[in-house]
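Undergrad: One structure, as structure tokens, below. Some questions next.
The values are calculated or read from the model by the stated rules, or taken from the named source; none is laboratory data. Computed from a prediction, not measured in an experiment: that's the story for all the values here. Cβ atoms come from the backbone with ideal geometry, glycine included; neighbour counts cover every protein chain shown.
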Amino acid sequence: MRIFGIDTKGTLLVERVASLPTWTSEDEGRVVYNEADYQLYYGDNSHWIAQVAQINRTTGVLTGGLITINADPTKIDISAGTSFYVDNSNILSPVYDKLSWNTQTGLTPTDLSTNGRLWVGVERTSPGVGSIVFATSFTPKQLRTIAVLGRVWANGSSTIEGVGRYITPAFGYEKIVDDLSTALGSINIDGNKFTPNGSNLLLDKSAGHAYRFTANGGTDLDSPNILSDSAATAISAYHYHVPSGTYITSLESAIDPNYYDSGGVKTATPNSKWTIQRIYYFPGSGIVDVLYGQYSYNTLDETIAALNSENFTINDDNAKALSGAILRCYLLVKQGCTNLSDANYAKFVTAVGQGAAASGVPGTSGTSGSSGTSGAAGTSGSSGTSGTGTNGSSGSSGTSGTSPVGGLISRYLHTQGTSGISWSVVHNLGQKYVNVTVFNSSDVVIEPDTITMVDDNNLTITFGSSGSGTSGYALVLG
């Protein structure tokens, strides 16, 4: 049989003990069954190795490891705990170990004022011993052997603003989920919609649910990934990024319409020009990050048109800082704005894509075709009667704009500005059978009578034959 990564031949002697004895040199190669915790132990290299059930066991936390801010706000404390260590780098001889650490008091996160946000983990420094480590990010390979405890963040200084207990458990899932969740980012399930608070520069956020990998692990290890966030009113903390510049966020107490990112430098927005700011939300912590726009526009219409074509850049430092956040909203805002509820100065566009890495924006509607010209007047006949000219035919309607592909699926948002019993939707997704969600003009999901898939690029939505119909939106996913 194979036990502890070792092939044994013949009879294997397993001794039953009431409690695990103190290891001595005579215990080298000894196998015991400990009645105190119902586990097998193997004496190896000066300590006991637990033969924990290896199916669904991965590197992660078993107990403790809770992060808190110390009385000195530049330091953190970590409660005593244990973790399970798995090293499969040599698959023919894997290493399994149960690590422990004592309460850690007054730890100073490494270069927090420079890095802004740091992950906290436990690594194996010797058999049975775990030590605390900090990093701006752990690589997928490091996450195979480092148990994550959470994250700590500041704002351009060594003073800690907050901590997140994003504990990764050592059981219940395979590590491949780590890779997938990192690639996809956090996902908004419902709600968490940003709207203006009133005649000011503050935002409100609705209640909502989101998937954020392990962000609920410090609260409920049986449901470590799903977060239920309360509504927030008159939000007064906005972490602003210059997205193509050196990463250090500035903390603002309100939306800032008067600056933008010009070549990596925070620059005053030209008078009365529009920019597109991007609002990100961190589920669980409730942190709101805002990315300054990178281009200025003369009109709101010009700004809306740029949503699908703007070559927006987020450098590596800012992308790492946004890990775990969800792009929830595009704020189209005019320089000098003092009231986000004023449609002449601000427009909110909810982001269609959910993940932080690549989110699509709604496609804009096409413009109407121009009207046909009038026919030439008829010439007088020989008898003196006038000929009559015919009117030119009407121009055809412009085609609807399309949405870029964001993430793993194609999206298109159809806007029905005028009420109608039947909506003709030109989505141009190149596939006939698509998913369609219909909203009324108040952003409430409604059920039409029928949805007919006409062909690979067109569909028709029909409401009841009585009444004047409805207006709103149709989200098409292909």
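Undergrad: Hey, can you tell me all the residues within segment 91-125 that are of a type outside the set (Asp, Glu) and either within 13 Å of Thr145 (Cα to Cα) or in the same structural domain as Lys320 (by TED's automatic domain parsing) (or both)? Please lay out each step first, then the result.
TA: If we filter segment 91-125 for residues that are of a type outside the set (Asp, Glu), which is where we start, we get 91-96, 98-110, 112-122, 124-125.
Of everything in segment 91-125, those that are of a type outside the set (Asp, Glu) and either within 13 Å of Thr145 (Cα to Cα) or in the same structural domain as Lys320 (by TED's automatic domain parsing) (or both) turn out to be Pro94, Val95, Tyr96, Lys98, Leu99, Gly121, Val122, Arg124, Thr125.
Undergrad: Inside segment 95-120, can you point out the residues that are in contact (Cβ under 8 Å) with a residue 24 or more places away in the chain, within 26 Å of the chain's Cα centre (by Cα) and surrounded by 16 or more Cβ atoms within 10 Å (Cβ to Cβ)?
TA: If the condition is that a residue be in contact (Cβ under 8 Å) with a residue 24 or more places away in the chain, within 26 Å of the chain's Cα centre (by Cα) and surrounded by 16 or more Cβ atoms within 10 Å (Cβ to Cβ), then Pro109, Leu112, Gly116, Arg117, Leu118, Trp119, Val120 are the ones that fit.
Undergrad: For the structure I just gave you, tell me whether Asn216 is modelled with pLDDT under 90 and in contact with a Phe, Trp or Tyr (Cβ under 6 Å, 6 or more places away or on another chain). Break it down stepwise before answering.
TA: Working: modelled with pLDDT under 90: yes; in contact with a Phe, Trp or Tyr (Cβ under 6 Å, 6 or more places away or on another chain): no.
Spelling it out, it is not the case that Asn216 is modelled with pLDDT under 90 and in contact with a Phe, Trp or Tyr (Cβ under 6 Å, 6 or more places away or on another chain).
Undergrad: While we're here: Name every residue in segment 254-302 that is closer than 28 Å to Gly324 by Cα and among the charged types (D, E, K, R), in order of residue number.
TA: Asp256, Asp261, Lys266, Arg278, Asp289
Undergrad: What do you reckon, is Asn225 under 20 Å from the mean Cα position of the chain (by Cα) and crowded, with 21+ Cβ neighbours inside 10 Å?
TA: Taking the combined requirement at face value, the residue does not satisfy it.
Undergrad: So in segment 66-112, with the set limited to residues that are touching a Phe, Trp or Tyr at 6+ places or on another chain (Cβ under 6 Å) and part of a loop (DSSP other than H, G, I, E, B), which one is modelled with the highest pLDDT?
TA: This residue is Pro109.
Undergrad: Assuming Val177 fulfils every condition listed in (1) out of contact with any Pro (no Cβ under 7 Å at 6 or more places or on another chain); (2) assigned to a loop (DSSP other than H, G, I, E, B); (3) not acidic (Asp, Glu); (4) not assigned by TED's automatic domain parsing to the domain that holds Glu302 apart from one, which condition is it?
TA: (2)
Undergrad: Assess whether Ile279 counts as being modelled with pLDDT of 95 or more, in the same structural domain as Arg328 (by TED's automatic domain parsing) and outside any loop (DSSP other than H, G, I, E, B). Explain how you work it out, then say what you get.
TA: Numbers: modelled with pLDDT of 95 or more: yes; in the same structural domain as Arg328 (by TED's automatic domain parsing): yes; outside any loop (DSSP other than H, G, I, E, B): yes.
For Ile279, the condition - modelled with pLDDT of 95 or more, in the same structural domain as Arg328 (by TED's automatic domain parsing) and outside any loop (DSSP other than H, G, I, E, B) - is met.
Undergrad: Moving on. Please give the number of the condition Thr418 fails out of (1) modelled with pLDDT of 85 or more; (2) under 26 Å from Lys193 (Cβ atoms); (3) part of a strand (DSSP E or B).
TA: The single condition Thr418 does not satisfy is (1).
Undergrad: So, in segment 62-116, how many residues would count as being among the β-branched types (Val, Ile, Thr) and touching a helix residue (DSSP H, G or I) at 6+ places or on another chain (Cβ under 9 Å)?
TA: Filtering segment 62-116 down to residues among the β-branched types (Val, Ile, Thr) leaves 63, 67-69, 74, 76, 78, 82, 86, 91, 95, 103, 105, 108, 110, 114.
The next check asks that each one be touching a helix residue (DSSP H, G or I) at 6+ places or on another chain (Cβ under 9 Å); those that pass are 74, 86.
So the answer is 2.
Undergrad: Just one of Ser230, Ser158, Ser206 is modelled with pLDDT of 90 or more, within 23 Å of Ser137 (Cα to Cα) and of a type in the set (S, T, N, Q); which is it?
TA: Values: Ser230 fails: within 23 Å of Ser137 (Cα to Cα); Ser206 fails: within 23 Å of Ser137 (Cα to Cα).
Result: Ser158 is the single residue among Ser230, Ser158, Ser206 that is modelled with pLDDT of 90 or more, within 23 Å of Ser137 (Cα to Cα) and of a type in the set (S, T, N, Q).
Undergrad: On to the next question. Enumerate the pairs (first residue in segment 133-155 and among the small types (Gly, Ala, Ser); second residue anywhere and surrounded by 19 or more Cβ atoms within 10 Å (Cβ to Cβ) and assigned to a helix (DSSP H, G or I)) with beta-carbon separation below 7 Å, excluding pairs fewer than 6 apart on the same chain, so at least 6 apart or on different chains.
TA: Final answer for the pair search is Ala154/Leu112.
Undergrad: Would you please name the residue that is surrounded by the most Cβ atoms within 10 Å (Cβ to Cβ), looking only at residues in segment 305-344 that are assigned to a helix (DSSP H, G or I) and touching a strand residue (DSSP E or B) at 6+ places or on another chain (Cβ under 7 Å)? Lay out the reasoning, then the answer.
TA: We begin by selecting, within segment 305-344, every residue assigned to a helix (DSSP H, G or I); these are 305-306, 316-321.
Restricting the remaining residues to those that are touching a strand residue (DSSP E or B) at 6+ places or on another chain (Cβ under 7 Å) gives 306, 318, 321.
Details: Ala306: 20, Asn318: 20, Ala321: 24.
Of everything passing the filter in segment 305-344, Ala321 is surrounded by the most Cβ atoms within 10 Å (Cβ to Cβ).
Undergrad: Same structure, new question: Can you tell which of Val445, Val476 is free of Cβ contacts under 8 Å to residues at least 40 places away in the same chain and closer than 17 Å to Thr350 by Cβ? Step through it out loud before you land on a result.
TA: Details: Val476 fails: free of Cβ contacts under 8 Å to residues at least 40 places away in the same chain.
Exactly one residue qualifies, and that residue is Val445.
Undergrad: Another question, if that's okay. Hey, does segment 27-36 have a residue that's exposed (fewer than 11 other Cβ atoms within 10 Å of the Cβ) and at pLDDT below 85?
TA: yes
Undergrad: Only one of these conditions is not met by Val122: (1) assigned to a loop (DSSP other than H, G, I, E, B); (2) modelled with pLDDT of 90 or more. Which number is it?
TA: All conditions pass for Val122, except number (1).
Undergrad: Still on this structure: Hey, could you check segment 170-184 for residues that are more than 18 Å from the chain's Cα centre (by Cα) and surrounded by fewer than 19 Cβ atoms within 10 Å (Cβ to Cβ) and say which is modelled with the highest pLDDT?
TA: Of all residues in segment 170-184, those more than 18 Å from the chain's Cα centre (by Cα) come to 170-176.
Still in the running and surrounded by fewer than 19 Cβ atoms within 10 Å (Cβ to Cβ): 171-176.
Values: Phe171: 75, Gly172: 64, Tyr173: 61, Glu174: 61, Lys175: 64, Ile176: 67.
Only one residue tops the list, namely Phe171.
Undergrad: Now, a different point. When residues of segment 121-137 are filtered for being closer than 17 Å to Thr182 by Cβ and either among the small types (Gly, Ala, Ser) or buried (at least 21 other Cβ atoms within 10 Å of the Cβ) (or both), how many remain? Spell out how you get there, then give the answer.
TA: Just the residues of segment 121-137 that are closer than 17 Å to Thr182 by Cβ, to begin with: 121, 135-137.
If we keep only those that are either among the small types (Gly, Ala, Ser) or buried (at least 21 other Cβ atoms within 10 Å of the Cβ) (or both) as well, we get 121, 135, 137.
Matching residues across segment 121-137 total 3.
Undergrad: Could you go through segment 284-296 and let me know if any residue there is acidic (Asp, Glu) and surrounded by fewer than 17 Cβ atoms within 10 Å (Cβ to Cβ).
TA: Taking segment 284-296 as the starting set, the residues that turn out to be acidic (Asp, Glu) are 289.
Right, trim to surrounded by fewer than 17 Cβ atoms within 10 Å (Cβ to Cβ) and you get none.
Within segment 284-296, not a single residue is acidic (Asp, Glu) and surrounded by fewer than 17 Cβ atoms within 10 Å (Cβ to Cβ).
Undergrad: Return a yes/no flag: does segment 244-260 have any residue that is out of contact with any helix residue (DSSP H, G or I) (no Cβ under 9 Å at 6 or more places or on another chain) and either on the phi > 0 side of the Ramachandran plot or modelled with pLDDT under 90 (or both).
TA: Yes, that holds for at least one residue.
Undergrad: How many residues, within segment 252-304, are in contact with a Cys (Cβ under 9 Å, 6 or more places away or on another chain) and of a type in the set (A, V, I, L, M)?
TA: Summing the residues that are in contact with a Cys (Cβ under 9 Å, 6 or more places away or on another chain) and of a type in the set (A, V, I, L, M) in segment 252-304 gives 2.
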